[in-house]
Amino acid sequence: MRAPARLVLSLTLLGVVSGIVWALLAPAERLLVVAEHQGVVLTTESLHRFDAVAIFVGIGLVLGALSAVAVWGIRRSRGPGAVAALVVGSALSAGVAALVGMGVARLRFPRVDSPSVGTIVAMAPGLSTAMVLVAQPLAAALVYLLLVSLSPHDDLGVGDGDGGRDEVATGHESPTVDAEERP
């Protein structure tokens with residue numbers, strides 16, 4: 001299997017893990033049942049909607065940044081193919097994390113059928129917007145871009161082990177000046 005395909009697969013599998021972590025960290029929203037099939041959100045419980053989104057975005061940002069640094073660390077695969085695989089893998093990872101996370105959250109907080117009036121029930125956390133799926137690939141792309149911009153090498157340090165000499169497009173080695181030859 002080629003390196004970009006392995007990268008996409010690895011990031012997708014990390015999405016499963018991050019979805020499970022999100023489902024365990026995201027708080028449930030508690031409701032007071034006031035009538036059959038009707039509930040009222042308890043005071044400050046509506047803030048848990050934001051908490052669930054913020055936790056998901058935070059996990060995505062960290063995973064995106066760390067995966068960009070990890071991909072940058074693999075010198076031989078640096079370049080447009082690596083960043084494309086990184087962004088695609090991060091997008092798939094975020095989607096898988098959302099699906100797995102919401103599934104695990106529903107298992108953690110199952111829906112109560114016909115609760116009696118006056119009881120407090122917990123609703124599984126959810127993601128109220130699809131925009132959360134953008135955070136991880138965006139963080140990965142921006143961190144990779146930062147690392148590319150900080151690279152002192154024209155070839156991003158991939159090189160072929162020629163001792164640090166750069167070759168011009170014609171195939172000739174660039175002239176080097178030894179310290180002894182300098183005026």
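Only the coordinates and a few stated rules stand behind these numbers; no lab work does. Given the structure is predicted, the values throughout are model-derived calculations rather than measurements. Positions of Cβ are backbone-derived with ideal geometry, glycine not excepted, and every protein chain shown enters the neighbour counts.
For the stretch 87-128, the alpha-carbon radius of gyration amounts to 1.60 times the rule-of-thumb value 2.2 N^0.38 Å expected for a compact globular protein.
By the beta-carbon count within 10 Å of each Cβ, the least crowded to most crowded order of ARG6, ARG78, ARG49, fewest first, is ARG6, ARG49, ARG78. Sorting 66-75, 109-118 by their mean Cβ neighbour count within 10 Å, with the most densely packed peptide first, gives 66-75, 109-118. Our estimate of slack between LEU142 and ALA28, defined as 0.36 nm per intervening residue step minus the Cα-Cα distance, is 37.8 nm. Note on the stretch 3-150: Kirkwood radius taken over Cα pairs, Stokes-Einstein applied at 25 °C and 0.890 mPa s, translational D equal to 149 µm² s⁻¹.
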